[in-house]
Amino acid sequence: MPEPRELRIRVAVPGDDEGLALLDRLAWSHLHAVMPRPQPPYPPFFSDRHAPGDCLVAELGDRLAGYLRLGFPTPVEANRHVLQVQGLAVAEEARGRGVGRALVRAAVDEARRRGARRLTLRVLGHNAPARGLYEAEGFVVEGVLPEEFRLDGQYVDDVLMGRFL
């Protein structure tokens, strides 16, 4: 990827579906995914659960470099003051360039804009790079579900993190 002049974060549009679905498949890893590796036929990236307006897109130059999905952690009205990061991926060639950090910061801003009081997420215990990023951006561990997943033959903790806005 050529060196970009700038990193841009924007809200996704329906036309991003194919590019984001491809980025998601290419970024798949047991470091962060609990579902099996995607196989054809591939589902669309956007769905009834995650519309384009729920996704922040990072672009480096004219290339998709990453995304962050926001959603509600539960369908309960009493929980509507909380938003949750429900997916974050950065293209391999864009890693180490601040894309993930910029997406997390944009998510904090977007959650505030939407009137949320808290932003939460779940991260696998063995995903040290992501945990470090989230901690650096003000998230704290609020709970751990020990050995919640068995991935690639290993038991992995599910770490619940959050921050007040």
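Heavy-atom accessible area per residue, the chain, 1.4 Å probe: how many Å²?
With all protein chains present, the chain gives 57 Å² per residue.
Rounded to the nearest 10 Å², what accessible area does HIS81 have for a 1.4 Å probe in the complete protein model?
We get 70 Å² for HIS81.
Give me the net charge of GLU18's neighbourhood, meaning all other residues with Cβ under 13 Å from the Cβ of GLU18; Lys, Arg count +1, Asp, Glu -1.
Its environment carries a net charge of -2.
Calculate for the chain the 222 nm mean residue ellipticity that helices alone would give, adding -39,500 (n - 2.57) per DSSP H run of length 4 or more and normalising by residue count, nearest 500 deg cm²/dmol.
After summing the helix terms and dividing by the residues of the chain, the value is -6500 deg cm²/dmol.
If you add up the charges near HIS30, with Lys and Arg at +1 and Asp and Glu at -1, over every other residue whose beta carbon is less than 12 angstrom from its beta carbon, what do you get?
With Lys, Arg at +1 and Asp, Glu at -1, the neighbours total +1.
Longest exposed-loop-site-free stretch of the chain, with trypsin sites (Lys or Arg not before Pro), DSSP loop and at most 15 other Cβ within 10 Å?
Between the exposed loop sites, the longest stretch runs 118-165.
Return the single residue from LEU31, LEU103, LEU121 with maximal mean-square fluctuation; model: Gaussian network over the chain, springs between Cα atoms under 10 Å.
Fluctuation is largest for LEU31.
If I compute Cα Rg over 2.2 N^0.38 Å from the structure I just sent, which labelled value in [x] 1.01; [y] 2.82; [z] 1.27 lines up?
Read-out taken from this structure: [x].
The values are calculated or read from the model by the stated rules, or taken from the named source; none is laboratory data. Keep in mind that what you see is a predicted model, and the values were worked out from it rather than measured. Virtual Cβ from ideal backbone geometry, glycine too; neighbours counted across all protein chains shown. Just the protein is used for accessible areas: all its heavy atoms, side chains included, with ligands, DNA and RNA removed. Shrake-Rupley method; radii C 1.70, N 1.55, O 1.52, S 1.80 Å.
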